[in-house]
Amino acid sequence: MRQLIIILLYFVFLPSMLLAQRESVYMQNKSAAPFRPFTYYQASEFELRNGKVNASISSSNGYLFQINGIAAQNLICNKRLNQNQFNIVLLDNRMNKTYVSTHLSKGKLLVACRSRGAYELVYEGEVFLNNQRVSVQANLAGKVRKIKDMKTN
């Protein structure tokens, strides 16, 4: 019976823990108070609208991390994108702050393909609020769903 429990832990519990950790956001700021940890609780959402892919992930403690404006034709397996090919937004709803990528950001995004048409976006770079620089590392995973294209005047 004990061996069965150990085998069950090894083949069921440990892989599920690894999958649960696949999506994450880590933030680091050297000049101000440390950030609350990004407590992941909901899967990332990927949407295609007007030829652009937007991905976001929410935390249970007031953060929203977004990767916006990726051209659909750039969603290619193992492609690396530079900061000028997408935008990053980090919202802190508890502190009422919005951090964004700028021309000063040094960000890179890796597009990785997963099984059954899913993607994983791996971001490493910086976002800013005024002169405050925040380093961010994030992994988002999911399938792209198409939203009706919107017309602009």
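For the range 106-113, putting each phi into the Karplus relation 6.51 cos²θ - 1.76 cosθ + 1.60 with θ = phi - 60° gives couplings of 10, x, 10, 10, 9, 9, 10, 8 Hz, in residue order, rounded to whole numbers and with x for Gly and Pro.
With semi-axes defined as the square roots of five times the eigenvalues of the C-alpha gyration tensor, the equivalent ellipsoid of the range 27-153 measures 24, 16, 15 Å, largest first. At the residue level, Cys113 shows approximately 50 square angstrom of accessible surface with a 1.4 angstrom probe and all protein chains present. Of the whole protein surface, Val136 contributes about 0 Å² of accessible area at a 1.4 Å probe radius. Each peptide among 39-52, 119-132 gets the average number of other Cβ atoms lying within 10 Å of its residues, and from highest to lowest they stand as 119-132, 39-52. Both the radius of gyration and Dmax for the range 52-127 are 12.9, 38 Å, in that order, over alpha-carbon atoms.
The values are calculated or read from the model by the stated rules, or taken from the named source; none is laboratory data. Quick caveat, the model's predicted, so the values are computed rather than measured. Here the Cβ is made from the backbone with ideal geometry for all residues, glycine too, and neighbour counts use every protein chain on show. Ligands, DNA and RNA are stripped out before the accessible areas are found, and what is left, the full protein with its side chains, is counted by its heavy atoms. Shrake-Rupley method; radii C 1.70, N 1.55, O 1.52, S 1.80 Å.
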